[in-house]
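Working notes, structure below.
Coordinate-derived values only; no laboratory data. Source: prediction; values computed, not measured. All Cβ positions, even for glycine, are placed from backbone atoms using ideal geometry, and neighbour counts span all protein chains on display.
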Amino acid sequence: MPDTQYLFDGPSIQRAPVEASLRYVLEHGRDDNIVFLAHLGDLTEHGTDTEFAAVGEAFELLDRNGVGYSVLTGNHDIPSRTDDQRGATPYLRTFGPDRMADLPTFGGATPDGYNTYHLIPAAGREWLVLALDWRMSEAGFAWARQVIADHPKSPVILTTHDLVGVDEDKGGAVLSDYGQRLWSELIHDHDQIFLTLNGHFWPATRTVRENAAGNDVHLHLTNYQNRYYGGAAMIRLYHFDLDRDTIDVETVSPWILGRAADGLNELERGEIELTGPDDRFSVAVDFAERFAGFAPVAARGPRPAAQLLVPGTVAYWRFDGREDGARAEGPIRDLTGRGNDLTVVAVPGSSSRSLTFSTAHHPDQPGHGSLRFAGGKPPLQGAYLRTVQGAPLNAATFPDGYTIEAFFQPAEDWDSARNAWGGLVGRTGTGGAAGKTQDDPDEPLATLSLSDGPGPQWAVRPLNQEGIATNWGDETAPGRWWHVAVVNDGSHTTMYVQGCPVARNPHAAAVGLTSVGLPWLLGGYEYGGRIDQILNGRLGDVRICDRALAVGDFMLS
């Protein structure tokens with residue numbers, strides 16, 4: 001919440017807009033997961049006891065409900081030529097540290113009371129908000145540095161009144177004189193500070209600067225006091241979406257929103273929500289990468305193979321423990337001990353480097369390794385894996401259900417014209433050989449392949465159908481690791497990508513998998529009983545179970 005000074009201006013006291021915004025925070029707190037409110041200073045116009053009594057009473061809405069918030073001084077709240085050593089003021093009597101001590105987010109304050117810090121537990125991290133005085137003394141700067149040092153793994157949002165201004169000649173954002181001091185003496189050398197928010201100037205603007213660690217710092221100016229009704233206590237909402245690595249920002253006027261049912265005047269209608277490029281926008285932040293220098297997310301460690309042998313596991317292959325880039329040679333053992341071992345089969349004329357071990361892997365993969373397949377056509381080239389003759393898996397028909405899982409990464413240079421329909425996992429033998437000639441009789445009995453998207457496709461001939469039953473996944477971008485699972489519960493098959501069900505799962509009953517006793521393939525796809533395409537990409541752990549697994553039992557869980 002930026003500058004509200006025109007609402008608390010001597011004999012003109014307008015508490016309603018501020019109270020409407022604070023009630024919005026309370027009413028939307030649960031649904032929108034609003035965890036904190038930061039006021040950016042200039043709460044009042046003259047900094048008098050009367051003005052502060054009014055704004056202080058408004059903020060009791062948050063006090064009574066135990067909602068975390070911060071306030072800080074603007075130049076109108078205190079004698080503007082003073083720093084945080086100015087002593088007692090109406091601001092300090094109203095919003096001193098004693099008032100905030102019982103709030104769940106309050107961390108501490110400088111001895112003078114004008115600078116505070118606040119801790120917000122959210123999304124598995126502790127986030128730190130610095131609320132800094134209009135002008136900090138040397139002691140204030142030293143305190144801020146120490147607070148950051150005392151919380152070495154906390155991302156920091158720095159709030160103050162004066163930092164980013166507007167270039168009057170060129171437009172756009174520029175550091176003010178005091179903002180340059182903040183940048184040089186505090187922000188630049190402290191990588192934890194990734195976002196700053198200030199008011200004071202207008203119109204709203206933003207910029208990005210690179211800190212000493214080479215990382216982006218987002219600096220945002222938000223202030224609407226020049227707009228209708230002194231800004232009407234507009235609030236700017238910062239939605240942190242760590243799944244999308246994005247901060248979505250919107251600016252709304254709860255007070256005007258609440259008046260809409262009674263009819264709005266001409267000026268109010270333009271103020272309900274601001275949608276300019278500096279009022280409603282999204283900021284891309286790879287949070288894990290941005291915070292890696294001070295709070296790296298520990299990589300998930302490998303898990304022993306025995307831990308993955310859940311009841312019903314009939315085959316489990318993984319490709320870890322080999323030197324990166326080493327040529328893949330068989331046999332590759334089935335870790336269940338059931339004898340479904342794999343041999344390497346190369347297309348004549350293919351490079352000896354067409355199948356190699358790799359240390360690359362999906363971040364949630366149990367085994368920290370994979371196989372790099374360098375397949376494609378025309379002409380057909382590459383190598384793939386095949387189960388040995390007599391492997392129990394070759395004859396299995398799974399009448400009671402199955403779960404087939406694989407981690408995979410389409411190659412960065414994956415090309416539809418050369419690489420479409422490369423196989424991940426499949427069984428050989430054709431529909432025609434099994435006496436099932438509906439649809440294309442030369443298609444294999446079961447194949448989990450990458451379509452021309454690329455996207456996973458599971459095409460099989462169930463025991464109870466003459467034709468081919470197909471599950472289609474969405475596109476799986478090249479260069480990224482994915483997990484796919486096809487789960488049959490004895491009557492229906494569902495495909496999952498990253499543990500999420502896809503849309504194109506058929507409703508028709510599908511029981512088991514037809515077999516003519518021939519081997520399974522990894523990385524290869526047969527057509528008409530002959531190898532027809534080989535994967536271009538990496539294949540990680542592969543597991544087959546003879547029952548339906550819940551998502552929570554998948555290898556990536």
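Return the FRET efficiency for the residue pair residue 122, residue 452: r is the Cβ-Cβ distance, R0 is 30 Å, and the value is rounded to the nearest 0.05. Write down the numbers at each step before the final one.
Working: r = 41 Å, r/R0 = 1.38.
It comes to 0.15.
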Using the Kirkwood formula over every pair of different C-alpha atoms, what hydrodynamic radius in Å results for region 127-230? 14.0
Taking 0.36 nm per residue of separation between residue 168 and residue 213 and subtracting their Cα-Cα distance, the length gained on full extension comes to 13.2 nm
Pull up all non-local amide H partners of residue 157: gap of 5 or more, or a different chain, and H-to-H distance under 5 Å with H placed in the peptide plane. 128, 129, 130
What does the net charge come to around residue 252 if you take all other residues with beta carbon closer than 10 Å to its beta carbon, with K and R at +1 and D and E at -1? -2
At 7 Å along the Cα-to-beta-carbon direction for both residue 88 and residue 388, put a label point, then send me their distance in nm to one decimal. 8.9
So, with points 7 Å from each Cα along the Cβ direction, the residue 353-residue 306 label distance in nm works out to 3.9
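Rank the residues 170, 153 as a footprinting-exposure proxy: fewest other Cβ atoms within 10 Å of their Cβ go first. Mind dumping the intermediate values first?
On the way: 170 7, 153 12.
If I rank by nearby Cβ atoms, fewest first, I get 170, 153.
Once the piece of chain linking residue 415 and residue 288 is laid out straight, how much longer is it, given 0.36 nm per residue of separation minus the C-alpha distance between them?
Numbers: separation 127, 0.36 × 127 = 45.72 nm, distance 2.99 nm.
Extra length available between residue 415 and residue 288 comes to 42.7 nm.
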Phi-based couplings in Hz for region 116-124 (Karplus 6.51, -1.76, 1.60; Gly and Pro marked x): 9, 10, 9, 10, 10, x, 7, 6, x
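Looking at region 352-429 from every direction and averaging, what is the projected area of its Cα convex hull in nm²? Display every interim value, and only then the final one.
Working: hull surface 29.4 nm².
Over all viewing directions, region 352-429 projects a mean Cα-hull area of 7.3 nm².
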Name the residue from 402, 340, 549 whose Cα lies farthest towards the positive end of the charge dipole of region 313-553, charges +1 on Cβ of Lys and Arg and -1 on Cβ of Asp and Glu. 340
When the Kirkwood hydrodynamic radius is evaluated over all pairs of different C-alpha atoms of region 383-538, what value in angstrom, to one decimal, is obtained? 15.3
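Report, in cubic angstrom per residue, the convex hull volume of the C-alpha atoms of region 249-324.
Details: hull volume 20.8 nm³, N = 76.
Taking only Cα atoms, region 249-324 has a hull volume of 273 Å³ per residue.
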Quick one: what are the phi-derived ³J(HN,Hα) couplings along region 24-38, Karplus 6.51/-1.76/1.60 with θ = phi - 60°, whole Hz, x for glycine and proline? 4, 4, 5, 6, 9, x, 6, 5, 9, 6, 6, 10, 6, 10, 10
For residue 382, list long-range residues whose amide hydrogen, built 1.01 Å from N in the peptide plane, is under 5 Å from its own amide hydrogen. 347, 350, 351
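Compute the orientation-averaged projected area for region 5-290 from the convex hull of its Cα atoms and round it to one decimal in nm².
Numbers: hull surface 59.3 nm².
Mean orientational projected area (region 5-290, Cα hull): 14.8 nm².
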Signed unit charges on C-beta, dipole axis of region 5-290, positive-most listed residue 175, 94, 164: 94
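Taking every pair of alpha-carbon atoms in the chain, give the share separated by more than 29 Å as a whole percent. Each step should come with its number before you reach the end.
Numbers: 95190 of 154846 pairs.
Tail of the P(r) past 29 Å holds 61 percent of the pairs.
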Under the Karplus relation with 6.51, -1.76 and 1.60 and θ = phi - 60°, whole-Hz ³J(HN,Hα) for region 484-495, x at Gly and Pro, equal 10, 9, 10, 10, 10, 9, x, 9, 9, 10, 10, 9
Quick check for me: using +1 on Lys/Arg Cβ and -1 on Asp/Glu Cβ, what's the dipole size of the chain about its Cα centre, in debye to the nearest 20? 2380
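What is the fewest-to-most order of 206, 145 by other Cβ atoms lying within 10 Å of their Cβ?
Details: 206 19, 145 14.
With the fewest neighbours first, 206, 145 line up as 145, 206.
For residue 260 and residue 434 in the same chain, what is the full-extension length gain: residue separation times 0.36 nm, less their Cα-Cα distance, in nm? It would help to have the intermediate numbers written out before the result.
Details: separation 174, 0.36 × 174 = 62.64 nm, distance 6.94 nm.
Stretched fully, the residue 260-residue 434 segment lengthens by 55.7 nm.
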Cα to Cα, under 16 Å, and not fewer than 8 places away if on the same chain: which lysines meet these conditions relative to residue 436? none
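Would you mind putting 443-455, 367-379 in packing order, based on average other-beta-carbon counts within 10 Å, highest first?
Going by the mean number of other Cβ atoms within 10 Å, highest first, we get 443-455, 367-379.
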